[in-house]
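The values are calculated or read from the model by the stated rules, or taken from the named source; none is laboratory data. As the structure is a computational prediction, the values presented were derived from the model and not from experiment. Backbone-built Cβ (ideal geometry, glycine too); neighbour counts: all protein chains shown. Just the protein is used for accessible areas: all its heavy atoms, side chains included, with ligands, DNA and RNA removed. Shrake-Rupley method; radii C 1.70, N 1.55, O 1.52, S 1.80 Å.
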Amino acid sequence: MLARVFSGANVGLDSLVVEVEVDVSEHGLPHFDIVGLPSQAVKESKQRVWAALKNSGIKNPARRITINLAPADLPKDGPAYDLPIAVGIMLAFNQINFDSSQAMFFGELSLDGSLRHTSGALPLALLAKGHGFKQVFLPKANAKEAAVVAGIETMPAVSIQQLIGHFSGIESLKISPHPPIDFGRILSEPTAEFDMSEVRGQEEAKEAVKIAAAGGHNVFLQGPPGSGKTMLARAMPSILPDLTQDEALEVTKIYSICGLVPEGESIIKLRPFRSPHHTTSRVGLIGGGTHPRPGEISLSHRGVLFLDEFPEFPRNVLEALRQPLEDGVVTVSRAVGTWTYPANFVLVAAANPCPCGNYGSRWKPCICPPAGVERYRKRVSGPILDRIDLHVSVKEVRPTDLENLSSGETSLVIRQKVQAARERQTLRFKGTKIVCNADMGTKAVKTFCRLSAECSELVTKLSLHYRLSARAHVKLIKVGRTIADLVGDDNILPTHLLQAVRFRQTGTIPA
């Protein structure tokens, strides 16, 4: 007897339909074999499936059972094939009967037949909808995650026994579809460790962080220890704009594949904020490994990647950021295949001015030799710095001056301005794949950032005076566009460009 059940495989952030074929033969010695490039986790599923069926009261006669996971040239990994294999075996033995062409199954089985929380529910639900399946059966623990996908019935199952009862028509074991989840009702207000008003003084640095949040720009904070760099970065989540529905689905797909969606949650509601330690490896930051997985830059997608003690990261780790900072994606190539992960994040980097941190201080002497200061600064290469839009010198603050310094605007007030600026950008880029000003390429800058003759002449003069690269020249215009959005101006004005160049270089602006 031959039975077919449909499941899915997550390859990078792409998902592909997997056909689980089950052949039961009376000829030959009893045997249970899985073919179709299964990983060790998939090979072990035969023990889990057999024990789960036995402990669920399913007595299968000794037969030769062959499981084929097609397409055969696609590597299969993870325990999500347990459920479709078990359903296929029951179909092959005529223990259940239903139209298997209309449903997709996935889920890990316990030995007692219950279903465990399984990674990758959201992308597989999207896959099922995209291929015209009417239902997707999955563990109850993943139901909310898949129910965000409209247009397909999410069928949460607790155990094999419940599935058997459902297909046998037993009313008490009937599985009811999970109610669709309205995206608009699950958004949360952003939270952060600090409020912007708690950062005393540092108005210029606060302005840079606000611009970065409004336009999706990268920012580099440099200043002595205790000046508020880390506090500013950790307060940034409180001013970030709301995730759009498309952005939330993008982020949740990444977290779902990594198994990082909190159990019982439906979707990632807040923009990510990731802060890896400076001892993080290249694979940990960029992604990859024996079985490639997204790294910190992909987990920061549509959010913030905070790299504290920026020069302390290994040189090869920092250099690996070049492509993601430019393209918004990272491509991991291995002998068995190539995976592309999204990595469109706001980089917030923080660094001391020298190893001891006191270079340029008015109150503390710097004990570093000039050569040591130069070597420390050269740990971050010019090409990386050129890819950062905003460069800010965070001034040191004496403890005795804290009470006299202004607290400034609260995060709520700043966030309202940031949200308004993002809404202007959404309208401007409607019909394109551009989300915010930082996403614009050279061609898009020419289309959406038309400059007057006066502004064009000013940009040229600034670029020549500060010896900006072609990349920095374009970034100057994009930052100017964001500053204009924050104040509600339709056109980029000279004042916006002059403010933008303050965050690019230090020195006297040419007349």
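Classify the range 386-511 as rounded, prolate or oblate from the Cα gyration tensor: take a ≥ b ≥ c as the square roots of its eigenvalues, call it rounded if a/c is under 1.5, otherwise prolate when a/b beats b/c and oblate if not.
Working: a/c = 2.11, a/b = 1.25, b/c = 1.69.
Oblate shape, in that a/c is at least 1.5 and b/c is the bigger or equal ratio.
For the range 269-367, trypsin sites (Lys or Arg not before Pro) meeting the loop criterion (DSSP other than H, G, I, E, B) and having at most 16 other Cβ atoms within 10 Å: ARG362.
Tell me, in nm to one decimal, what length is gained between ILE367 and GLU44 on full extension, where the rule is 0.36 nm per residue of separation less the Cα-Cα distance? Intermediate values should be presented prior to the final figure.
On the way: separation 323, 0.36 × 323 = 116.28 nm, distance 5.99 nm.
My answer for the length gained is 110.3 nm.
With an a/c value of 1.5 or above and a/b larger than b/c for the gyration tensor axes a ≥ b ≥ c computed over the alpha-carbon atoms, the chain is described as prolate.
Within the same chain, lysines fewer than 8 places from LYS129 are excluded, and of the rest, those with a Cα less than 19 Å from its Cα are LYS140, LYS144, LYS253.
Quick one: ranking VAL17, VAL479 by accessible area, 1.4 Å probe, largest first, what do you get?
Most to least solvent-accessible, the answer reads VAL17, VAL479.
Among LYS229/LYS430; LYS76/LYS174; LYS378/LYS475, which pairs are too far apart, with a Cα-Cα distance over 26 Å? Write out the running numbers ahead of the final one.
On the way: LYS229/LYS430 35 Å; LYS76/LYS174 31 Å; LYS378/LYS475 22 Å.
Going by Cα-Cα distance, LYS229/LYS430; LYS76/LYS174 fall outside the 26 Å limit.
Counting only lysines at least 8 places from LYS417 when in the same chain, those with an alpha carbon closer than 16 Å to its own are LYS206, LYS210. From the Cα gyration tensor of the range 321-373, with a ≥ b ≥ c the square roots of its eigenvalues, which class applies: rounded if a/c is under 1.5, or else prolate if a/b is larger than b/c, or else oblate? Prolate. Leaving out ligands, DNA and RNA, what percent of the accessible area of the chain is carbon and sulfur, probe 1.4 Å? Carbon plus sulfur share of accessible area: 51 percent. Counting pairs of alpha carbon atoms under 8 Å apart in space and at least six apart in sequence, what relative contact order in percent does the chain give? Value for the chain: 13 percent.
Using the empirical formula 2.2 N^0.38 Å as the baseline, the Cα radius of gyration of the range 1-158 reaches a ratio of 0.97. Straight-distance candidates among the aspartates and glutamates for linking to LYS46, with alpha-carbon spacing under 20 Å and chain neighbours fewer than 8 residues away dropped: GLU19, GLU21, ASP23, GLU26, ASP33, ASP77, ASP82, GLU108, ASP112.
The GluC sites (Glu not before Pro) of the range 1-85 meeting both criteria, a DSSP state outside H, G, I, E and B (loop) and at most 11 other C-beta atoms within 10 angstrom of the site's C-beta, are GLU26. Accessible surface for the chain, divided over its residues, is 45 Å² per residue with a 1.4 Å probe. Which FRET efficiency, nearest 0.05, do ALA150 and ARG116 yield, Cβ-Cβ r, R0 22 Å? Efficiency for this residue pair is about 0.25.
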